[in-house]
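To start, the structure under review is shown below, and the notes come after it.
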Amino acid sequence: MGNIKIHGLRKEKRKFFFVLLRLAEMGAYQRSIKVSTFLLAEKIGLSQQTASRYLLDLQRLGWIERSITRNGGLIRITEAGRSVLREVFSRLSVILESKIPSSLMFEGVVFSGLGEGSYYVTREAYRRQFIEKLGFDPYPGTLNVKLLSEHDVKARAELDNYPAIEIEGFKDKDRTYGPVRCFRALINNEAEGAVVCALRSHYNSSVIEIISPFYLRGKLKLNDGSRVRVEVFPNIPSKKGET
């Protein structure tokens, strides 16, 4: 069913998206439809056993409602499932309709975070990918910037719809670390860096977190309350040409 990356979905859920899409094509987006595992297996090109397992997984995720009848199952996509489809549609629309800007400018003020950025940036599995895909070894910490205007907050939220440099999540013996999306950035028109999204962040879209090869507070003479301008480049690929 392909190796397409569906941004915004965790890796373990992406394989179920294509089954959800096929069910939507069969009419389950708007109404309950009668679907046997044999028919679904034919539609998705997998075994009947695998089709049955996928339906159970979709039900577990809350993406479909399913009731069993003598002649097969009645299936309807839930609001949660429809939301997944709409989100992917929105992201594809941005890409296919060439709505991706060459850059976005944000203004905000520096503030001190909880120190969590340093912990995550220094995880070796993340750090190796930052070096490989961004081309720099990040300073062990993030610069936290509180956005100043409603326009900037809205633009930050729209970043989630743009192709990003993908840093893969990983597991160690203690815990699971989620994927990170990165966008190259220029801070105060002087220092290179990258805006990082979802480093286990507790912040909403009114805040951006930045990594850089430099200690940005020192290089740019910043303190809490200092105003900064951050230019973000959604179009610039990773070192391997990824988006």
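Read-outs throughout are calculated quantities, based only on the coordinates presented, and are distinct from any laboratory measurement. Since the structure is predicted, the reported quantities are computational estimates derived from the model, not experimental observations. Methodologically, a virtual Cβ is constructed for each residue, glycine included, from the backbone with ideal geometry; neighbour enumeration extends over all protein chains shown.
Structure notes:
- Share of pairwise Cα separations in the range 11-96, more than 19 Å, in percent: 33
- The range 104-233 - percent relative contact order, Cα under 8 Å, separation 6 or more: 35
- Prolate/oblate/rounded call for the chain, Cα gyration tensor, a/c under 1.5 rounded: prolate
- Modelled label reach - T122, point 7 Å along Cα→Cβ, the range 151-174 residues with backbone N closer than 19 Å: 172-174
- Share of pairwise Cα separations in the range 76-140, more than 14 Å, in percent: 76
- Extending 7 Å from Cα along the Cβ direction at R53 and again at R227 yields two label points whose distance is 5.8 nm.
- In the range 121-180, the GluC sites (Glu not before Pro) that fall in loop regions by DSSP, at most 14 other Cβ within 10 Å: E168
- Net charge of Cβ neighbours under 9 Å - reference V145; Lys, Arg +1; Asp, Glu -1: -1
- Spin-label proximity, S67 to the range 23-38 - amide N less than 15 Å from point 7 Å beyond Cα toward beta carbon: 31-35
- Taking the chain and dividing mean pair separation by its residue count, relative contact order in percent (alpha carbons under 8 Å, at least six apart): 19
- Fully extending the segment from S102 to A198 would add 32.3 nm, taking 0.36 nm per residue of separation and subtracting the current Cα-Cα distance.
- Over 21 Å apart at the Cα level, from the set K13/K43; K15/K43; K146/K219; K146/K171; K154/K219; K146/K221, are K146/K171; K154/K219.
- The angle separating the long axis of helix 79-96 from the principal Cα axis of greatest extent in the chain is about 60 degrees.
- Length gained on full extension, Y29 to K13: 3.9 nm, using 0.36 nm per residue less the C-alpha separation.
- Helix 48-61 axis versus longest C-alpha principal axis of the chain: approximately 50°, rounded to the nearest ten.
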